[in-house]
Amino acid sequence: MPFGEVPVKRYVIDTNALISFVTDRNPEQQRIVAPLFEAATHMKVAILCHQNVLTEFIYVLDRVYQLPKHRIGQMIIDFIRMPGLELVQELDYEAVLSAWPDPFPDFGDAVVATVALAKKGAAVVTFDRKFSLGLKRLNIPLYPARGAHHQNIEQLGVE
């Protein structure tokens, strides 16, 4: 780590958590994930987002939610400019293919899991129960921690 940098907890975001944050599809999930984004804007944590997650996010907002493309584009610009966000471009295909289709039958899940493994100590932010089970088997930490009813800003270090 370069001199002067302060280590922060890193979180790899899954598409469903990102969608829950920007839409009202599930207010409880939105309430759970919002403090993480707040902490990131205060540089208390880092949110890692793989480009594959952005591609899935755009697809869902376009095809499922049928949002205007210019609105989706503005959402992406705002997101990638957010303090505390690190857009991950690289992908170790050998690692992904070793995790897909087993233990992760969803290719996007395998991408997120291998990013978390590559970024030692990073937790995955997801509301996908099946994905969470696979992550647990690989000892990859989760946010929100299963069994925790909520994560609050104080726990993330935001005043």
Quiz item: Could you list, in sequence order, the residues of the stretch 18-28 that are under 19 Å from LEU54 (Cβ atoms) and surrounded by 14 or more Cβ atoms within 10 Å (Cβ to Cβ)?
Solution: LEU18, ILE19, SER20, PHE21, VAL22, THR23
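Test VAL53 against the stated conditions and say whether it is among the aliphatic types (A, V, I, L, M), part of a helix (DSSP H, G or I), more than 25 Å from VAL8 (Cα to Cα) and modelled with pLDDT of 95 or more.
On the way: among the aliphatic types (A, V, I, L, M): yes; part of a helix (DSSP H, G or I): yes; more than 25 Å from VAL8 (Cα to Cα): no; modelled with pLDDT of 95 or more: yes.
In short, no.
The rows are residues; the columns are (1) part of a helix (DSSP H, G or I); (2) over 16 Å from the mean Cα position of the chain (by Cα); (3) free of Cβ contacts under 8 Å to residues at least 60 places away in the same chain; (4) surrounded by 15 or more Cβ atoms within 10 Å (Cβ to Cβ).
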{"position": "ALA46", "(1), (2), (3), (4)": "no, no, yes, yes"}
{"position": "LEU67", "(1), (2), (3), (4)": "no, yes, yes, yes"}
{"position": "GLN74", "(1), (2), (3), (4)": "yes, yes, yes, no"}
{"position": "ILE77", "(1), (2), (3), (4)": "yes, yes, yes, no"}
{"position": "PRO83", "(1), (2), (3), (4)": "no, no, yes, no"}
{"position": "GLU90", "(1), (2), (3), (4)": "no, no, yes, no"}
{"position": "GLU94", "(1), (2), (3), (4)": "yes, yes, yes, no"}
{"position": "LEU97", "(1), (2), (3), (4)": "yes, yes, yes, no"}
Quiz prompt | Given (1) of a type in the set (A, V, I, L, M, F, W, C); (2) farther than 22 Å from LEU135 by Cα; (3) at pLDDT below 95, number of the condition LEU91 does not satisfy | solution = (2)
Practice problem: Kindly check whether there is at least one residue in the stretch 21-40 that is under 18 Å from LYS120 (Cα atoms), in a loop (DSSP other than H, G, I, E, B) and in contact (Cβ under 8 Å) with a residue 60 or more places away in the chain. | Solution: no
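The values are calculated or read from the model by the stated rules, or taken from the named source; none is laboratory data. The structure presented is a predicted model; accordingly, all values stated were derived computationally and were not measured. Quick reminder, even Gly has a Cβ in these numbers, built from the backbone with ideal geometry, and neighbours come from all protein chains shown.
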